[in-house]
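Before any comments, here is the structure.
Since every read-out is calculated from the coordinates, none of them should be taken as a lab result. Source: prediction; values computed, not measured. Ideal geometry is used to build each Cβ from the backbone, glycine not excepted, and the neighbour counts take in all protein chains shown.
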């Protein structure tokens, strides 16, 4: 059995990591840390795990928890994972960061968008962006994985086949993305207070959302050149899920059947990406609780655009499930170990 620890276990993504790892057949939980609930049983913080996770929340002794782990997950806010990564590297352990600290190939981009000095620049050069459908070979050879953001996962997977084939104008991409409130985390905030979000939908971070350069970096690698994206996120009155509706101008005429065939070939054999047949479109409820990304495609001859609709569970394929998927690759396990099966409905 491999031993895995979760640092920052009592946020929503950390709790989902603990839940998934608790029934992973090849992994034993070695430690869970928190700054708010040290000394409490984990199930007191998350009662749905009563009699499933009996572990006690620990204070954040980084050297100690790394020493007894084969894989260390960090579900800390941005800016707090660098010291953990340094210790994991010193002890030669696998490290998977669910935050943004290692997602950018150029640390200056991170510093500019996040306003934080990067203190692990040498490690940043070793980090691999953990989107398995695009970077599987690099992930398998790495020790430090930068787990992608939730919005970027939905958008990059939605666009990858068309950009790779040069079938869309890379300067024409617009993504209208909607997320459930759990994407804002568990900390108390007026912006996600029930009375503020219920029966309402609102845009936020227009032109300034920190996932924008992450999206552009990865789309640029697929396109073989710089890509500028108009990305507008929205907060919706649901708990979990992301739906991205992506628009792009076709660089040459193609019809829906050709696009669907391209996507089915590109994602053929992928355990967690499903391309819907003509006439079907994704909804967040169809992926809730699963590690799946579901994609639908429509072409519009009138505007010469293609519309891609991509749905994920922001806490699973957008965070914790994808982190476990990356762990499985690192450890040489079947990629769907602990992640197989559909989500929940309704």
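Summarising the strand pairing of segment 151-314, around 75 percent of its internal DSSP beta bridges are antiparallel. From most to least packed by mean Cβ count within 10 Å, the peptides 300-310, 194-204, 51-61 give 300-310, 51-61, 194-204. Normalised by the residues of the chain, what does the relative contact order come to in percent, with Cα pairs under 8 Å and at least six apart? The value is 17 percent. Any idea how far the Cα center of segment 248-265 sits from the one of segment 7-68, in Å? Going from one Cα centre to the other spans 44 Å. Most simply put, segment 2-126 has about 5% antiparallel DSSP beta bridges, counting only bridges with both residues inside it. Between the C-alpha center of segment 195-212 and that of segment 69-83 there is a gap of 26 Å. Share of antiparallel DSSP beta bridges in the chain, in percent to the nearest 5? That works out to approximately 45 percent antiparallel.
Taking the centroid of alpha carbons for each part, segment 145-163 and segment 285-309 are 13 Å apart. Entry note, the chain: the mean residue ellipticity at 222 nm calculated from DSSP H runs of n ≥ 4, each adding -39500 (n - 2.57), is -8000 deg cm²/dmol after division by the residues and rounding to the nearest 500. Hydrodynamic radius of segment 133-273 by the Kirkwood approach over all distinct alpha-carbon pairs: 16.6 Å. Considering every alpha-carbon pair of segment 79-126, the percent of pairs per 10 Å bin, from zero through the bin containing the longest distance, is 28, 59, 13, 0.
Spin-label pair residue 108-residue 258: with each label point 7 Å from Cα along the Cα-Cβ axis, the two points sit 4.0 nm from one another. Computed log10 I(q)/I(0) for segment 15-120 at 0.10, 0.14, 0.18, 0.21 Å⁻¹: -0.32, -0.61, -0.93, -1.14, from the Debye equation with unit scatterers placed on every C-alpha and solvent omitted. Please say if segment 23-63 is rounded, prolate or oblate, where rounded means a/c under 1.5 for a ≥ b ≥ c the square roots of the C-alpha gyration tensor eigenvalues, and otherwise the choice is prolate for a/b larger than b/c and oblate otherwise? Taking the square roots of the gyration eigenvalues as a ≥ b ≥ c, segment 23-63 is oblate. Ranked by the mean number of other Cβ atoms within 10 Å of their residues, highest first, the peptides 166-173, 32-39, 326-333 come out as 326-333, 166-173, 32-39. Each peptide in 262-275, 144-157, 205-218 gets a packing score, the mean of other Cβ atoms within 10 Å over its residues, and the list from highest to lowest is 144-157, 205-218, 262-275.
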